[in-house]
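The values are calculated or read from the model by the stated rules, or taken from the named source; none is laboratory data. The shown structure was predicted, so the numbers you read here are calculated from the model rather than taken from an experiment. Positions of Cβ are backbone-derived with ideal geometry, glycine not excepted, and every protein chain shown enters the neighbour counts. Side chains included, ligands, DNA and RNA excluded: accessible areas come from the protein's heavy atoms. Shrake-Rupley method; radii C 1.70, N 1.55, O 1.52, S 1.80 Å.
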Amino acid sequence: MKQIPISLYALLGVLLLPALTFAATFDGGEVYSLAGGDVVADNLYVGGGDVTVGGEVQGDLLAAGGALVVSGPVRDDVAIAGGDVSLLGTIGDDARVAGGNVLIGSRVGGDLVGAAGSLKVLDTVSVGKDMTLAGGYVFFAGAVLGDAMFAGDEIFIDGTI
């Protein structure tokens with residue numbers, strides 16, 4: 001009979017510990033939607049072809065999909081990636097956003113990091129700390145209170161730094 005090494009049990013314990021100690025909601029599918037007015041009282045981890053988060057997330061949001069729209073508020077951090085990404089809800093802390101086409105249109109309380117083929121930050125955006133934006137086309141019209149770094153082929157800055 002072959003015995004399983006104790007190191008495998010230790011690795012399994014380390015991987016499962018966060019799921020056992022932190023509250024989180026996991027969901028996904030071809031289409032995922034958290035309707036406006038709905039509330040997730042902990043972290044939300046979601047993936048799918050089309051992902052829409054219109055409700056409130058009272059923890060962190062981690063999402064990936066072909067098309068992503070976040071229009072509801074997120075109390076803590078956001079990390080999202082997809083083909084077409086729209087971040088329109090208020091973010092309480094840091095936001096990390098990546099995609100083919102990215103649109104950011106709301107307040108980010110902490111740091112903002114964005115990378116995309118086309119990245120647009122609207123004039124309705126205020127960033128509470130530092131910001132790093134990179135892409136083929138980068139347009140920034142918001143306001144950032146900390147340091148700002150830009151990298152790209154075409155960069156347009158029409159905001160406050």
Of the residues in segment 57-81, those that are over 11 Å from ARG96 (Cα atoms) and either among the acidic types (Asp, Glu) or part of a loop (DSSP other than H, G, I, E, B) (or both) come to GLN58, GLY59, ASP60, SER71, GLY72, PRO73, ARG75, ASP76
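Somewhere in segment 115-125, is a residue under 12 Å from the mean Cα position of the chain (by Cα), hydrophobic (A, V, I, L, M, F, W, C) and at pLDDT 95 or above? Walk me through it before giving the result.
Taking segment 115-125 first, the residues under 12 Å from the mean Cα position of the chain (by Cα) are 115.
Right, trim to hydrophobic (A, V, I, L, M, F, W, C) and you get 115.
Add one more test, that the residue is at pLDDT 95 or above, and what stays is 115.
Within segment 115-125, one or more residues are under 12 Å from the mean Cα position of the chain (by Cα), hydrophobic (A, V, I, L, M, F, W, C) and at pLDDT 95 or above.
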Taking segment 93-115 and keeping residues more than 20 Å from GLY152 (Cα to Cα) and open to solvent by 40 Å² or more (accessible area, probe 1.4 Å) leaves ASP93, ARG107
Practice problem: Report yes if some residue within segment 116-138 is open to solvent by less than 30 Å² (accessible area, probe 1.4 Å), within 24 Å of LEU44 (Cα to Cα), among the aliphatic types (A, V, I, L, M) and not in a strand (DSSP E or B); otherwise report no. | Solution: yes
Flagged pairs (Cβ under 7 angstrom, 6 or more apart or on separate chains; first in segment 28-51, farther than 12 Å from ALA63 by Cβ; second surrounded by fewer than 15 Cβ atoms within 10 Å (Cβ to Cβ) and polar (S, T, N, Q)) are ASP42/THR25
